[in-house]
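The values are calculated or read from the model by the stated rules, or taken from the named source; none is laboratory data. Quick caveat, the model's predicted, so the values are computed rather than measured. No Cβ is skipped: glycine too gets one built from the backbone with ideal geometry, and neighbour counts run over all protein chains shown.
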Amino acid sequence: MLCEVGGRKLFVRLGEREGSFVPERRSVHLELRGVGTRPNRVSANGEEADWRYEPSEKRLVVRLAEDAGETVVEANLSTAF
């Protein structure tokens, strides 16, 4: 996993699954803490993501479908991070 912040964008890259284990889960909840502003848009691999922002906790939660390949999450913030 790699997390990068640049200006008004936040990127999280989840690498391709390694090994032969295949989890039974159908989705993954990615929780990002310390996000001080509500995103304008959140995408996963370029598509609109299922997400929620909890302002009192400064938390962004993104629900991702289980995928063996790489997943890139991008959040466009209204102000610089």
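Mind checking whether some residue in the stretch 19-34 is acidic (D, E), at pLDDT 95 or above and within 12 Å of the chain's Cα centre (by Cα)? Spell out the reasoning first.
Initially, the stretch 19-34 is screened for residues acidic (D, E), giving 24, 31.
Adding the requirement that they be at pLDDT 95 or above leaves 31.
Filter again for within 12 Å of the chain's Cα centre (by Cα), leaving 31.
Checked the stretch 19-34: at least one residue is acidic (D, E), at pLDDT 95 or above and within 12 Å of the chain's Cα centre (by Cα).
Mind listing just one residue for me: the one in the stretch 1-55 that is closer than 11 Å to A75 by Cα and among the β-branched types (V, I, T) and, of those, surrounded by the fewest Cβ atoms within 10 Å (Cβ to Cβ)?
V5
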